[in-house]
Amino acid sequence: MNEPSRDYEPPDYQSEVRRKAFHLIGLVIPLGYIVFPHPGQAKAVILGAMIFGVVIDAFRLSEPSLRHFLNSLIGAIMRPHEKTDLLGSTCLLIASTMTVLIFPKGIAASALCLLIGGDTAAALVGKRFGRVKVFGRKTLEGTLAFIGAGLALDAGVIVLLSKLAPSEPSGLTPAVAAIGAIVGAVVEAVPFPVDDNFAIPIISGVAMVLAGIS
């Protein structure tokens, strides 16, 4: 039997790469929220996108022909439960709406970057290079990748906010961002009863708000 090359990536990893590449498109949400000049209008756009996504997804679940069509298009990157439940992208839109409505702009943008970029880094690094298990289900390498990606994205958020809205209090500082990245990484790694799409931005957002107060 031929031995696989050292660069061989199993099919499940290749599917994960495709899924996470699609997931990264979601970064347009925190980026758009930052650059949009009117926060209230930006929130309205995100809310509208969420409503549209929920309606389409509900129709997909109730209409077999549409479900079959969409499964043929994106079935390769869907989780098994998504074929009979809400898509991860729909959950992301719901979580994004909750996050921007609850938190100050900087905290909300940071929390969503952690969800989208941090979670992606943790999944890809953990599956490809992870060796040391943490909490029995994730890897230390993936958790560290989450923190690194989160800090890098938060640095970009801080720079953008300082350029585009220097007079607007964002609630985000490097120290606050670091706490959010660490808390988000722990939430991603711990076997939490709540979907990561909701747990990561909400819990890390609360941690950043509390860190900013103290």
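How do the pairs read when you match residues in the stretch 78-94 that are closer than 22 Å to ALA111 by Cα with residues anywhere that are among the polar types (S, T, N, Q) and modelled with pLDDT of 85 or more, using Cβ under 6 Å and keeping only pairs 6 or more apart or on different chains?
Filtered contacts from the stretch 78-94: CYS91/ASN197; LEU92/ASN197.
Yes or no, residue by residue, for (1) within 14 Å of the chain's Cα centre (by Cα); (2) surrounded by 15 or more Cβ atoms within 10 Å (Cβ to Cβ); (3) among the aliphatic types (A, V, I, L, M):
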| site | (1), (2), (3) |
| --- | --- |
| LYS133 | no, no, no |
| ARG137 | no, no, no |
| GLU141 | no, yes, no |
| GLY150 | yes, yes, no |
| LEU153 | yes, yes, yes |
| VAL157 | no, yes, yes |
| LEU161 | no, yes, yes |
| ILE203 | yes, yes, yes |
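What do you reckon, is ALA111 at pLDDT 95 or above, buried (at least 16 other Cβ atoms within 10 Å of the Cβ) and within 14 Å of the chain's Cα centre (by Cα)? Walk me through how you get there before you give the answer.
On the way: at pLDDT 95 or above: yes; buried (at least 16 other Cβ atoms within 10 Å of the Cβ): yes; within 14 Å of the chain's Cα centre (by Cα): yes.
Spelling it out, ALA111 is indeed at pLDDT 95 or above, buried (at least 16 other Cβ atoms within 10 Å of the Cβ) and within 14 Å of the chain's Cα centre (by Cα).
Here's a check for you: in the stretch 177-190, which residue that is in contact (Cβ under 8 Å) with a residue 40 or more places away in the chain and not small (Gly, Ala, Ser) is surrounded by the fewest Cβ atoms within 10 Å (Cβ to Cβ)? Steps first, please.
Of the stretch 177-190, the ones in contact (Cβ under 8 Å) with a residue 40 or more places away in the chain are 177, 180-181, 184-186, 188-190.
Then keep just the ones that are not small (Gly, Ala, Ser); that gives 186, 188, 190.
Values: VAL186: 19, GLU188: 27, VAL190: 14.
Across the stretch 177-190, the extreme among qualifying residues is VAL190.
Where residues in the stretch 57-93 are among the polar types (S, T, N, Q) and within 25 Å of PRO30 (Cα to Cα), which of them is surrounded by the most Cβ atoms within 10 Å (Cβ to Cβ)? Please lay out each step first, then the result.
Pass one, the stretch 57-93, residues among the polar types (S, T, N, Q): 62, 65, 71-72, 84, 89-90.
So of that shortlist, the ones also within 25 Å of PRO30 (Cα to Cα) come out as 89-90.
Numbers: SER89: 17, THR90: 21.
Checking each candidate, the answer is THR90.
Considering each of LEU161, LEU172 in turn, give the residue that is within 28 Å of PRO39 (Cα to Cα) and either outside any helix (DSSP H, G or I) or among the acidic types (Asp, Glu) (or both).
Numbers: LEU161 fails: either outside any helix (DSSP H, G or I) or among the acidic types (Asp, Glu) (or both).
On inspection, the qualifying residue turns out to be LEU172.
Which numbered condition in (1) touching a residue at least 12 places away in the same chain (Cβ under 8 Å); (2) closer than 23 Å to ARG137 by Cβ is the only one that PRO193 fails?
Status for PRO193: all satisfied but (1).
So that you can scan it fast, the table gives a plain yes or no per residue for (1) among the β-branched types (Val, Ile, Thr); (2) modelled with pLDDT of 90 or more:
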{"site": "ALA175", "(1), (2)": "no, yes"}
{"site": "ILE179", "(1), (2)": "yes, yes"}
{"site": "ILE182", "(1), (2)": "yes, yes"}
{"site": "GLU188", "(1), (2)": "no, yes"}
{"site": "ILE200", "(1), (2)": "yes, yes"}
{"site": "ILE203", "(1), (2)": "yes, yes"}
{"site": "MET208", "(1), (2)": "no, yes"}
{"site": "ILE213", "(1), (2)": "yes, no"}
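Could you tell me which numbered condition PHE146 fails, if it satisfies all but one of (1) buried (at least 16 other Cβ atoms within 10 Å of the Cβ); (2) modelled with pLDDT under 95; (3) of a type outside the set (Asp, Glu)?
Tallying (1) buried (at least 16 other Cβ atoms within 10 Å of the Cβ); (2) modelled with pLDDT under 95; (3) of a type outside the set (Asp, Glu), PHE146 fails exactly one: (2).
Which residue pairs have Cβ atoms closer than 9 Å, lie 6 or more positions apart in sequence or on different chains, and pair a first residue in the stretch 155-168 that is without any contact (Cβ under 8 Å) to a residue 12 or more places away in the chain with a second residue that is polar (S, T, N, Q) and buried (at least 17 other Cβ atoms within 10 Å of the Cβ)?
SER162/SER170
Being in contact with a helix residue (DSSP H, G or I) (Cβ under 6 Å, 6 or more places away or on another chain) and closer than 20 Å to ALA109 by Cβ is the requirement here; does ALA177 meet it?
Numbers: in contact with a helix residue (DSSP H, G or I) (Cβ under 6 Å, 6 or more places away or on another chain): yes; closer than 20 Å to ALA109 by Cβ: yes.
Taking the combined requirement at face value, the residue satisfies it.
Please work out which residue is nearest to VAL190 (Cα to Cα), limiting yourself to the stretch 117-158 and to residues that are in contact with a Leu (Cβ under 8 Å, 6 or more places away or on another chain) and assigned to a strand (DSSP E or B).
VAL134
Got a sec? Which of VAL28, VAL100, VAL54 is of a type in the set (A, V, I, L, M) and loosely packed, with under 14 Cβ neighbours inside 10 Å? Break it down into steps so the answer makes sense when it comes.
Values: VAL100 fails: loosely packed, with under 14 Cβ neighbours inside 10 Å; VAL54 fails: loosely packed, with under 14 Cβ neighbours inside 10 Å.
The match here is VAL28.
Which members of the stretch 178-192 meet the condition of being assigned to a helix (DSSP H, G or I) and of a type outside the set (Asp, Glu)?
Taking the stretch 178-192 first, the residues assigned to a helix (DSSP H, G or I) are 178-189.
Of everything in the stretch 178-192, those that are assigned to a helix (DSSP H, G or I) and of a type outside the set (Asp, Glu) turn out to be ALA178, ILE179, GLY180, ALA181, ILE182, VAL183, GLY184, ALA185, VAL186, VAL187, ALA189.
The values are calculated or read from the model by the stated rules, or taken from the named source; none is laboratory data. Note that the coordinates shown come from a computational prediction; the quantities given were computed from them, not determined experimentally. So basically every Cβ, Gly included, is an ideal-geometry build from the backbone, and we count neighbours across all protein chains shown.
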